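We did not get these values from a lab; they are worked out from the coordinates using the rules stated. Here the structure is a predicted model, which is why all the values come from computation and not from measurement. Note that each Cβ is placed from the backbone with ideal geometry, even for glycine, and that neighbours are counted across all protein chains shown.
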Amino acid sequence: MSENKKISMSVVRRLPRYYRFLLELKNNGIYRISSKALAEKMGASASQIRQDLNCFGGFGQQGYGYDVPKLFDEISAILGLDNQYRTILLGVGNLGRAVVNHVGFQSRGFELTAIFDNNPSIIGTVINGLTVLDAGTLKDYCLSEKVDAAILCLPKESAEQVVDILYGCGVRCFWNFSHLDISMKYSDVVTENVHLNDSLMTLCYCMTADREKHPGITETASAPSRPQSSDK
């Protein structure tokens, strides 16, 4: 892939989906697949798959299709999953704790090296093998340790000060759950914003639209009718 070639973010956002489907195929012992068969499994079109992969060089062979293990390795390399970027997490509330416990960082290109909070009752506890550090030591930690990225599981009002500290220490990459628009202040950061409420409202819209399209399918089932009484 040419370094100067601009890849659409819509294509980039489909790459993890290719990764998941190829991993499943690989684990099921499937070593070769056509673009048509892959498209059917993914609910996409063969032309879209070919166009997406051609952004990075193609990888398919006419009359053969795709070598599944090879394509899986290529997608992994494109995503950069071998980089093991050193990452810290800020905010070990319910959301932060869930991220620490359930996100597979190492298989997705990251190494979670430290977690921070300002709650005295949480500082010093151990979560998934990591000791919660005092957020007051954040600057010293970043200046003494290599930090490639930060995960923000903080309220918006708390996140701005933390981002200022991180940015001042050279951190430019964020996985952001805080709803703070970091790029408005720092235009050179790389940020992936995660808005769970937005996602939920999108689901609500889709359900509402589907109800309007198929009103008889999504109506709530009516309560069982009671026997009619008769006056005799």
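A simple packing score, the average count of other Cβ atoms within 10 Å per residue, orders the peptides 89-95, 22-28, 73-79 as 89-95, 73-79, 22-28, with the highest score first.
Taking 4.7 Å between C-beta atoms as the pairing limit, the chain has these partnerless cysteines: Cys55, Cys153, Cys173, Cys204, Cys206. Close amide H pairs (under 5 Å, H built 1.01 Å from N) link Ile127 with Val132, residues at least 5 positions away or on another chain.
Put a plus charge on the Cβ of each Lys and Arg, a minus charge on the Cβ of each Asp and Glu, and nothing anywhere else: the dipole of the chain about its Cα centre is then about 860 debye.
Answer rounded, prolate or oblate for region 120-202, using the Cα gyration tensor with square roots of eigenvalues a ≥ b ≥ c: rounded when a/c is under 1.5, else prolate when a/b is larger than b/c, else oblate. Oblate shape, in that a/c is at least 1.5 and b/c is the bigger or equal ratio.
Of Cys55, Cys206, how do they rank once you tally other Cβ atoms within 10 Å and put the fewest first? Kindly include the intermediate steps, with their values, before the conclusion.
Values: Cys55 16, Cys206 10.
By the 10 Å Cβ count, ascending: Cys206, Cys55.
With a ≥ b ≥ c the root eigenvalues of the C-alpha gyration tensor of region 10-77, is it rounded (a/c under 1.5), prolate (a/b larger than b/c) or oblate? Rounded is the answer for region 10-77, as its axis ratio a/c remains below 1.5. Once you sort the root eigenvalues of the Cα gyration tensor of the chain as a ≥ b ≥ c, which label holds: rounded (a/c under 1.5), prolate (a/b larger than b/c) or oblate (the other case)? Oblate, since a/c reaches 1.5 and b/c is not below a/b.
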